[in-house]
């Protein structure tokens with residue numbers, strides 16, 4: 001693990017539309033607002049913040065995090081419920097993985113109740129709106145620190 005923690009914060013499809021798409025569910029913060037929240041919450045840690053609408057790109061970034069990151073925070077959006085390929089990539093990581101969601105999928109449509117990502121995640125944070133990301137950064141930093149101490 002690098003001396004200064006490096007947190008990868010990866011975001012899946014349609015999260016580029018935050019602030020515009022279904023604000024009653026996802027809130028009014030934009031993805032840029034959420035990135036700023038993550039960077040503030042991370043303190044001196046380095047935050048690599050990315051978003052893609054493409055599953056393969058997301059998987060490439062997860063694989064990159066294997067060697068470059070101290071911890072991974074991921075909001076895979078709809079891929080949470082559909083992507084076994086993403087699960088397989090996450091299972092290759094030895095760093096902490098924090099699954100993050102703005103809404104609480106367990107309180108939404110039935111098809112959102114199953115998370116493939118949860119099968120590989122160290123921790124899941126959901127349902128706190130944009131604050132979910134700040135909580136995820138705090139958790140990721142704590143988990144990465146525990147890993148260094150152990």
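For a footprinting-style exposure proxy, rank 100, 38 by other Cβ within 10 Å, fewest first.
Going from sparsest to densest Cβ surroundings: 38, 100.
Given points 7 Å out from each Cα along the Cα-Cβ axis, report the residue 66 to residue 14 separation in nanometres with one decimal.
About 3.0 nm separates the two model spin labels.
Looking at the chain as a GNM with Cα springs under 10 Å, which of 85, 121, 139 has the largest mean-square fluctuation?
Judging by the Gaussian network model, the answer is 85.
Quick one: work out Rg over Rh on the C-alpha atoms of the stretch 18-128, Rh as Kirkwood radius.
Here Rg/Rh amounts to 0.94.
What is the order of 135, 15, 72, fewest Cβ neighbours within 10 Å to most?
135, 15, 72
So what does log10 I(q)/I(0) come out to for the stretch 32-78 at q = 0.21, 0.24 Å⁻¹, using the Debye formula with one equal point on every Cα and no solvent?
Debye curve over Cα of the stretch 32-78, log10 I(q)/I(0) at q = 0.21, 0.24 Å⁻¹: -0.81, -1.01.
Suppose only helical runs count, i.e. DSSP H with n ≥ 4. What mean residue ellipticity at 222 nm does that imply for the chain under -39500 (n - 2.57) per run, divided by all residues and rounded to the nearest 500 deg cm²/dmol?
Computed ellipticity for the chain at 222 nm equals -11500 deg cm²/dmol.
If you rank 44, 60 by fewest surrounding Cβ atoms within 10 Å, what's the result?
Ordered by Cβ neighbours within 10 Å, fewest first: 44, 60.
Return a whole-number percent for the relative contact order of the chain, with Cα pairs under 8 Å and 6 or more residues apart as the contact set.
The value is 28 percent.
Values in this text are rule-based calculations from the coordinates and carry no lab data. The shown structure was predicted, so the numbers you read here are calculated from the model rather than taken from an experiment. For neighbour counting, all protein chains shown are included, and Cβ atoms are generated from backbone atoms with ideal geometry for every residue, glycine included.
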